[in-house]
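The values are calculated or read from the model by the stated rules, or taken from the named source; none is laboratory data. Model, not experiment: these values are computed from the prediction. Here the Cβ positions follow ideal geometry from the backbone for every residue, glycine too, while neighbour counts run over all protein chains shown.
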Amino acid sequence: MTEKHSFQPITPGKTRIGWIGTGVMGSSMCGHLLAGGYTATVFNRSPNKAASLVDRGAVLVSSPQEVAQQSDVVFTIVGFPQDVEQVILGEQGVLSGSSAGTTIIDMTTSKPSLAERIAQESAKQGVASIDAPVSGGDTGAQNATLSIMVGGNADDVARVTPLFELMGSTIVHQGGPGRGQHTKMVNQTLIASGMIAVCEALLYATKAGLDLTTVLQSVSSGAAGSWSLTNMAPRMIDGDFDPGFFVEHFIKDMRIALDEAAAMNLALPGLALAQQLYQAVVAQGHAKDGTQALILAMAELNQVDWQGTGQ
């Protein structure tokens, strides 16, 4: 158990924020905290990606350990579980620089078991650990409308909720350590099969000679509506495959979910199919494109030349 009395209230202008991972989403999320009156110490393996935050007053340091040494609350949002393990539990990681009373919040989509391990190791040092993966992509990060799925001690979660409220519009505590990550697996399972449906629908409309934009007007607001249809289908139509969320990261998420499902003796054939189709996207050279690039693999499967005509 962590020592609850050692944790200070969250106060703009006083609470020191640390941020590790200033990529597509992290930069916007940290920016909201700066706008909310908090100071920030940041680290990114590619320092140039932190330039916009430094321009706004953040201090760039050379290791996760240094971030922790200068922070009361440290956020991480990196790529893969092995990255989470390195930046938090590694030799120069966050925990190595944390003192009692520090709070670590990992917002990466990662393994539930790793979140539990981090919480256990953190507690030994009087450090709180929270897993808080998000959904909403680059748009949600920019607009501070993310859904934040939170796992951790209830008191710790309540204490840092003012920070979450600067980044998201839906913040739900799901239970103890790892429960936020499990909830994110539910989210990714829903999205995976839904993206197949969006691509199949657009290909059907194309073959039928329909105008894709007007088709979306008809179906997006009805029973078939979804976040993916509203936000990803227009990008597919426009041929815009810039990453709001990388294909390679989505594949990572699906692998975690499939592994967790197997451990629970669950068969999830829809998720498995989506993972295989996204593997085809990678084979076509689009690992670092956005998840909407699934349309390219499915168009190839149907011998449709998808150039994003906006027809």
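Being of a type in the set (G, A, S) and under 25 Å from D155 (Cα atoms) is the filter; apply it to the stretch 170-228 and report the residue that is surrounded by the most Cβ atoms within 10 Å (Cβ to Cβ).
Once the filter is applied, the top-ranked residue is G180.
Restricting the stretch 154-169 to residues that are of a type outside the set (A, V, I, L, M, F, W, C) and buried (at least 17 other Cβ atoms within 10 Å of the Cβ), which is nearest to A119 (Cα to Cα)?
D156
Restricting to the stretch 272-283, give me the number of residues that are surrounded by fewer than 20 Cβ atoms within 10 Å (Cβ to Cβ) and either within 19 Å of the chain's Cα centre (by Cα) or within 20 Å of G23 (Cα to Cα) (or both).
The total comes to 1.
Any residue that is in a loop (DSSP other than H, G, I, E, B) and among the aliphatic types (A, V, I, L, M) - is there at least one of those in the stretch 188-208?
yes
What are the pairs, 6+ residues apart or on separate chains, where a residue within the stretch 98-110 that is over 9 Å from D72 (Cα atoms) has its Cβ under 6 Å from a residue that is assigned to a strand (DSSP E or B) and among the basic types (K, R)?
none
Quick check on T39: is it touching a strand residue (DSSP E or B) at 6+ places or on another chain (Cβ under 8 Å) and crowded, with 20+ Cβ neighbours inside 10 Å?
So T39 fails the test.
Give just the number: which of (1) assigned by TED's automatic domain parsing to the domain that holds A154; (2) of a type outside the set (D, E, K, R); (3) free of Cβ contacts under 8 Å to residues at least 40 places away in the same chain does M167 not satisfy?
Condition (3) is where M167 drops out.
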